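Right, one structure below, let's go through it.
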Amino acid sequence: MAAKPEDIDAYYLSLGRFTQTWAQVEAILAVLLRLVSGVDQKVAPAIFSGTRADQAKNFVKRILAARGEELDPVLKRAFDQFGTINSTRNDIVHYGAQFEEDEPIVSNYLAAHTPEALRRHSVPPKTLDAMNQDLGTIQAAVAYYLLKDSPSDVLPAREQIRQIALAPWRYKSPQQPPRHQDSPETHQER
């Protein structure tokens, strides 16, 4: 059974929302990197222009570690989920979805160099929407961190943002089916 046009439209609508929110997260991570780095704000674009979101996240972690500062737990939680979403996002962006029956499936089969490297998972609109909601939570976590040195009259708003930043994650990484592994006996027989 082929995918219905309304299912395809729903997929692309969710994908568009996800892509827009991804761009917003990429922007706020760029702001975070510029501020954490301490680089002059006129010079920062010259240095960090083109830095991808996952690189910005990693640079922030490295800068804080180099200063001997602990990563704020709210920010760490957000960065961990961002990494999970980034993996799926990369598969979607680099390999696209193919509709099998009525289900959009993403797979890296063209790039998987071993069976263990093969990833294949469904990305229906509800999955994209869950990732999109989590990206909003990640934005709140970064905003919470950015407001850490705010004046006391901002603290109530910062606490509200913290509550948003601690919302439960909606997206869970897809579990790949376990690979068949040879038993030692089977391996020896060969």
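The values are calculated or read from the model by the stated rules, or taken from the named source; none is laboratory data. The shown structure was predicted, so the numbers you read here are calculated from the model rather than taken from an experiment. Positions of Cβ are generated from backbone atoms using ideal geometry, with glycine treated the same way; all protein chains shown enter the neighbour counts.
With segment 35-129 as the region, which helices (runs of 4 or more DSSP H) entirely inside it contain at least 2 residues that are aromatic (Phe, Trp, Tyr), surrounded by 17 or more Cβ atoms within 10 Å (Cβ to Cβ) and in contact with a helix residue (DSSP H, G or I) (Cβ under 8 Å, 6 or more places away or on another chain)?
Values: elements: 44-48, 53-66, 73-95.
Result: 73-95.
Restricting segment 136-148 to residues that are farther than 15 Å from Ala30 by Cβ and out of contact with any Leu (no Cβ under 6 Å at 6 or more places or on another chain), the residue that is modelled with the lowest pLDDT is Lys148. Arg170 passes every criterion in (1) assigned to a helix (DSSP H, G or I); (2) surrounded by 12 or more Cβ atoms within 10 Å (Cβ to Cβ) apart from (1).
For residues that are more than 13 Å from the chain's Cα centre (by Cα) and closer than 23 Å to Phe79 by Cα, scanning just segment 5-19, find the one that is surrounded by the fewest Cβ atoms within 10 Å (Cβ to Cβ).
Quick first cut of segment 5-19, residues more than 13 Å from the chain's Cα centre (by Cα) only: 5-17.
With the extra rule that they be closer than 23 Å to Phe79 by Cα, the set shrinks to 14-17.
Numbers: Ser14: 21, Leu15: 18, Gly16: 12, Arg17: 17.
Filtering segment 5-19 for residues that are more than 13 Å from the chain's Cα centre (by Cα) and closer than 23 Å to Phe79 by Cα, the one surrounded by the fewest Cβ atoms within 10 Å (Cβ to Cβ) comes out as Gly16.
Evaluating Arg158 against the criteria (1) basic (Lys, Arg); (2) in a loop (DSSP other than H, G, I, E, B); (3) modelled with pLDDT under 95 leaves one unmet condition, (2). Among the residues of segment 130-155, those that are surrounded by fewer than 18 Cβ atoms within 10 Å (Cβ to Cβ) and either among the aromatic types (Phe, Trp, Tyr) or outside any helix (DSSP H, G or I) (or both) comprise Leu147, Lys148, Asp149, Ser150, Pro151.
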